[in-house]
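The values are calculated or read from the model by the stated rules, or taken from the named source; none is laboratory data. Note that the structure is a prediction, hence the values are computed from the model and not measured. Neighbour counts are summed over all protein chains in view; Cβ atoms, including those assigned to glycine, are modelled from backbone coordinates with ideal geometry.
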């Protein structure tokens with residue numbers, strides 16, 4: 001979407017909202033696809049699961065020093081806890 005696409009949607013009595021096909025296509029969201037919903041300053045944001053995952057991975061990368069493996073640190077902590085018990 002080059003321009004910001006806007007369309008008026010209606011919330012059904014069941015709470016469901018239908019996302020227009022053109023927007024689902026732009027999101028790459030096929031039938032049964034997963035979206036992540038979040039609120040930011042009173043705005044509902046929907047993003048495909050894979051996009052949200054990449055955004056979160058980039059966030060973590062900014063806060064974890066280069067060469068540090070969080071998985072290795074977790075395993076080491078678990079081993080230390082097991083030895084303590």
For this session: State which residue is modelled with the lowest pLDDT when the search covers only segment 25-61 and only residues that are assigned to a helix (DSSP H, G or I) and touching a strand residue (DSSP E or B) at 6+ places or on another chain (Cβ under 9 Å).
Result: 27
Exercise. What are the residues in segment 62-85 that are loosely packed, with under 10 Cβ neighbours inside 10 Å and not in a helix (DSSP H, G or I), if any?
Worked result: 65, 66, 67, 68, 85
